[in-house]
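Below is one structure, written out as structure tokens; comments come after it.
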Amino acid sequence: MFTNFKAILICMTDLENYLQTYFEFDQSDLAKVASFFKPEMLRKGDYYLKTGKPCNKLSFIKSGLLRIYVDLEDREVTQWICTQGYFVTDLSSLVFAKPARWNIQALTDTFLYTIDKEDYDRIGDYIPKWPVTEKLFIAHCFTTLEDRVFSFLSMTAEQRYNLLFESHRDIFTQVPLQYIASMLGMTPETISRIRRKQLS
């Protein structure tokens, strides 16, 4: 019991630090928002979400890796690998109550801090400036998406590879190469060719 409680406190601290990085909360509001999040554990291979299901939660990743992907007729396409210190959800499903477009699966044992949609929707009842804060959060998500689109339109395969390697180097030792290649819009052979070129 003590160990679990200690882990929850550590995770709460990480969550509060992350929230403060992106949003201007005073200490009391920060504690209120963080208190809505509950611990959740996924084992490797477990699904956080499946395509077609409603996404009724938003989670902060304390540790572990989650893959966001979709099944097409002839292949799987990896949209992103979510890592420690970031949020995960299907935003369109969460906000607009649409069926999820994405599968989200744990690639490793993953510890999350999760808020369900009901609590997410009522944060504003306790924190008057939440609508402004939520708008900033969604704008941050949108900006991240814009950055990815820009990289696909303006960068070479090698530049995209280097950008991901510099910002998320840890996933290259923990994630199958085909997932990374799919996320970058290239084949595993292209990544291998880039690596050989850089080592030569």
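Before moving on, here are some points about what is shown:
- Distance (nanometres) between label positions extended 7 Å along Cα→Cβ at GLN84 and LEU136: 2.6
- Where trypsin sites (Lys or Arg not before Pro) in DSSP loops with at most 11 other Cβ within 10 Å are excluded, longest remaining stretch of the chain: 76-200
- With one equal scatterer per alpha carbon and no solvent term, the Debye-computed log10 I(q)/I(0) for the chain at 0.09, 0.18 1/Å reads -0.38, -1.37.
- Centre separation in Å (Cα based) which lies between the range 19-49 and the range 122-200: 21
- The charge dipole of the chain, taken about its Cα centre with unit charges on the Cβ of Lys, Arg, Asp and Glu (plus for the first two, minus for the last two), comes to roughly 520 debye.
- Residue among MET155, MET41, MET186 with the largest mean-square fluctuation in a Gaussian network model of the chain, springs linking Cα atoms under 10 Å: MET155
- Computed per residue of the chain from DSSP H runs no shorter than four, each worth -39500 (n - 2.57), the mean residue ellipticity at 222 nm is -16000 deg cm²/dmol.
- The range 58-131: GluC sites (Glu not before Pro) in DSSP loop, at most 12 other beta carbons within 10 Å: GLU73
- Summarising the label geometry, the points placed 7 Å from Cα in the beta-carbon direction at VAL149 and ASP46 lie 3.5 nm from one another.
- Measuring r between the beta carbons of SER28 and LEU91 and using R0 = 35 Å, the FRET efficiency lands at 0.80.
Taken together, the values in this text are just the output of simple stated rules run on the coordinates, not laboratory data. Source: prediction; values computed, not measured. Cβ sites come from the backbone with ideal geometry, for glycine too, and all protein chains shown count toward neighbours.
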